[in-house]
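K.L.:
Please see the structure below; I have some questions.
Computed from the coordinates by the stated procedures, all read-outs in this text should not be read as laboratory data. Note that this is a predicted model, so its numbers are computed, not measured. FYI the Cβ positions are ideal-geometry reconstructions off the backbone, even for glycines, and counts take in every protein chain you see.
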Amino acid sequence: MRIFALNPPFLKKYSRASRSPAVTKSGTLYFPTWLAYATGALEQAGHEVRLIDASPRGLSLEQVLGEAKAFEPLLVVMDATTASFHADLETAARLKEALPGAFIAMVGLHVSALPEAAFERPGGPDAVCRREYDETAVDLAAALGSGRDLSSVLGLTYRDGTGRVVHNADRPLIADLDKLPFVTEVFKRHLRVEDYFYAHLRYPMVTLFTSRGCPAQCTWCMYPQVFYGHPFRHRSPENIVAEFEFIQRELPQVKEVLVDDDTFTIDVKHTRRTCELMVQRGIQLQWTCEVRTNLDYETMVAMKKAGCRLMVAGFESGVKEILKAMKKGLTPEQGVRFARDARKAGIMVHGCFVAGNPGETRETLEETLRYAKTLSLDTAQFFPMMLYPGTEAYDWARLNGYLRTEDYTQWVSAEGLHNTMIDRPGLSHQYLVEFCDRARREFYLRPGYIAGKLWQAATHPSEFQRTLISAKRFYRFLFPRQAAEPAAAA
């Protein structure tokens, strides 16, 4: 059947597929990776799929409806996020009007956490594909095509003939990730890679996942809690390297690959084997990955040899008690050693810091800022903790009266920037925003940091080009007149 896969319109440059969806201060705009994986699975099953990402194309709702009517799909699979949820429900209603014979299914983290919310107003979606939805979408399409009862589709929430909302049993997590199509093949067929931008990566780039699941227990992290669970599953090294070979061959304009796994290096033996195979197969692409700060130096050396340019690491705080309270499972001392080893291995680091965790005070925030300045990071981001339904942090804030509102339209500002919803004793949301704005200024405007960037420009011209692009987008957010704006990830 014909299937319309849609990242719906919302705000201009709204990065819907980010872990914390918003319009970012750095101009970062994520690929619709999960929707693209589902698109590939549906195509693999023999369906004709049209993937539309409205944000980078600047499509209005009317334009999207026009494309949908011209395509005449029988199934629409559309993403929904927390901040855009009410607009997404309106889009679903308009699609039902424009495509009276089509079945509308919502996917994504917000409706995985709150599936019944999708049915609270009339004219909305027909179903929700919960959590890891690749196989659920394929099974739903098969059921619709054959007239099979929807009660057999695992991972589906839907309204039955009596109007009752039915939650089918959860679908088991995908065990064999090698059977999924390469997401970059889907990008090549449906998208234009030049439309996407990640501030800390060389442009143009693509993103992919080599694993799903994360055994870490960070209280605010959405993907393990709401989407693909904690059990760790990885693709084989051969399958991963084959996708890198595809990118080199079929997407020659790409300068860097983001391995967007929550933690690429959970299994260091697998990481090293993958890196060895990259070297053996002659992979020339540079790549970035996300890691934990307990990574050993020997694995870093293997990664550098295989083309790793930068690691994204969640330091989060420079205070041991705060890391313990957020269940990070790491210490500030490990972060110091990690940053030192990364520098020695020749890999740059993008550091992430979160303000407003349990136990946080103004003093611990200042300690974290001092800590961040000691780490010799290439770039850093400071932002207030964003709370999302389905996470332990959201429940903690709600239970303790720290959640300002449950009006999800407030999750971003009028411009679409992140808008923290946490108010704690002695740490109002305004203070957290102001701290993050100041932390960015103090981090980036240090004479030593600027001197380091000038040296980098002289010795690595390609890095200077990336930095210049990011700086032009980020410049206006570094100065005091912007301090009242909600903080966002760099």
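K.L.:
³J(HN,Hα) across the range 284-294 via Karplus (A = 6.51, B = -1.76, C = 1.60, θ = phi - 60°), whole Hz, x for Gly/Pro?
P.N.:
For the range 284-294, the Karplus-derived couplings read 9, 5, 7, 8, 10, 9, 9, 9, 9, 7, 9 Hz, x marking Gly and Pro.
K.L.:
Using a cut-off of 13 Å between beta-carbons, work out the net charge of the residues near Gly213 (Lys and Arg +1, Asp and Glu -1, Gly213 not included).
P.N.:
Numbers: positive: Arg131, Arg212, Arg233, Arg235; negative: Glu132, Asp261, Asp262, Asp267.
Counting the neighbours of Gly213, the net charge comes to 0.
K.L.:
For the range 227-273 and the range 64-78, what is the separation of their Cα centres, given in Å?
P.N.:
One Cα centre to the other: 32 Å.
K.L.:
Now for a separate question. Roughly how many debye, to the nearest 20, is the charge dipole of the chain about its Cα centre, given +1 on each Lys and Arg Cβ, -1 on each Asp and Glu Cβ, and no other charges?
P.N.:
Approximately 1500 debye in magnitude.
K.L.:
Using the beta-carbon distance between Arg337 and His167 and R0 = 45 Å, what value does 1/(1 + (r/R0)^6) give for FRET efficiency, to the nearest 0.05?
P.N.:
On the way: r = 46 Å, r/R0 = 1.02.
Computed FRET efficiency for Arg337 and His167: 0.50.
K.L.:
Give me the Debye-computed log₁₀ of I(q)/I(0) at q = 0.11, 0.21 Å⁻¹ for the range 211-334, equal point scatterers on Cα only, no solvent, two decimals.
P.N.:
After summing over all Cα pairs, the log10 values are -0.41, -1.23.
K.L.:
For Glu316, enumerate residues with amide H under 5 Å from its amide H, sequence gap 5+ or separate chain, H modeled in the peptide plane.
P.N.:
Here Cys352, Phe353, Val354 satisfy the definition.
K.L.:
On to the next question. Using the charge dipole of the range 179-295 (Lys, Arg: +1 at Cβ; Asp, Glu: -1 at Cβ; taken about the Cα centre), state which of Gln253, Met278, Cys218 has its Cα farthest towards the positive end.
P.N.:
Met278
K.L.:
Where does the chain land at 222 nm, in deg cm²/dmol rounded to the nearest 500, when only DSSP H runs of n ≥ 4 count, each adding -39500 (n - 2.57), divided by all residues?
P.N.:
Details: 17 runs with 186 residues, N = 490.
-11500 deg cm²/dmol, from helical runs alone.
K.L.:
Please enumerate, by chain and number, the aspartates and glutamates with C-alpha under 16 Å from the C-alpha of Lys305, excluding those fewer than 8 residues away in the same chain.
P.N.:
Straight-distance partners of Lys305: Glu256, Glu276, Asp296, Asp341.
K.L.:
If you don't mind, another one. Using Cα pairs under 8 angstrom and six or more residues apart, how large is the relative contact order of the range 35-161, in percent?
P.N.:
On the way: 164 pairs, mean separation 29.3, N = 127.
Relative contact order comes out at 23 percent.
K.L.:
Can you tell me the relative contact order of the range 198-343? Whole percent, Cα pairs under 8 Å, sequence separation 6 or more.
P.N.:
Values: 225 pairs, mean separation 35.3, N = 146.
Computed value for the range 198-343: 24 percent relative contact order.
K.L.:
With loop defined by DSSP as not H, G, I, E or B, and exposure as at most 12 other Cβ atoms within 10 Å, which is the longest segment of the chain clear of exposed trypsin sites (Lys or Arg not before Pro)? The partial results should precede the final answer.
P.N.:
Working: sites that count: Lys12, Arg164, Arg192.
So the longest stretch without any such site is 193-490.
K.L.:
Something else: Got a sec to turn the phi values of the range 3-14 into Karplus ³J(HN,Hα) couplings, 6.51 cos²θ - 1.76 cosθ + 1.60 with θ = phi - 60°, whole Hz, x for Gly and Pro?
P.N.:
Each residue of the range 3-14 in turn: 10, 9, 9, 10, 8, x, x, 8, 9, 4, 6, 6 Hz.
K.L.:
In addition: Amide H neighbours of Leu75 under 5 Å, counting only residues 5+ apart in sequence or on other chains, H built in-plane at 1.01 Å?
P.N.:
When sequence neighbours closer than 5 places are left aside, the close amide H contacts are Phe4, Phe103.
K.L.:
Can you tell me the length gained on complete extension of the stretch Thr374 to Glu245, counting 0.36 nm per residue apart and subtracting the Cα distance?
P.N.:
Working: separation 129, 0.36 × 129 = 46.44 nm, distance 3.81 nm.
Fully extending the segment from Thr374 to Glu245 adds 42.6 nm.
K.L.:
From the phi angles alone, apply the Karplus equation (6.51, -1.76, 1.60; θ = phi - 60°) to the range 378-393 and give each ³J(HN,Hα) in whole Hz, x where the residue is Gly or Pro.
P.N.:
6, 9, 8, 10, 10, 8, x, 4, 8, 9, 10, x, x, 9, 5, 5
K.L.:
Going down the table (Lys269/Lys344; Lys12/Lys344; Lys12/Lys96; Lys188/Lys324; Lys25/Lys328; Lys12/Lys188), which pairs top 31 Å between alpha carbons?
P.N.:
Details: Lys269/Lys344 21 Å; Lys12/Lys344 41 Å; Lys12/Lys96 24 Å; Lys188/Lys324 43 Å; Lys25/Lys328 26 Å; Lys12/Lys188 23 Å.
Listed pairs above 31 Å: Lys12/Lys344; Lys188/Lys324.
K.L.:
Hey, another quick one. For a test of the definition: using alpha carbon positions, the gyration tensor, and the 1.5 limit on a/c, classify the range 82-161 as rounded, prolate or oblate.
P.N.:
Numbers: a/c = 1.86, a/b = 1.23, b/c = 1.50.
Oblate is the answer for the range 82-161, as a/c is 1.5 or above yet b/c matches or exceeds a/b.
K.L.:
In a Debye calculation with equal point scatterers on the alpha-carbon sites of the chain and no solvent, what is log10 I(q)/I(0) at q = 0.06, 0.11, 0.13 Å⁻¹?
P.N.:
Rounded to two decimals, the profile gives -0.26, -0.92, -1.31.
K.L.:
Okay, moving on. Going by a 4.7 Å Cβ-Cβ cut-off, which cysteines of the chain have no partner at all?
P.N.:
Cys129, Cys214, Cys275, Cys289, Cys308, Cys352, Cys436
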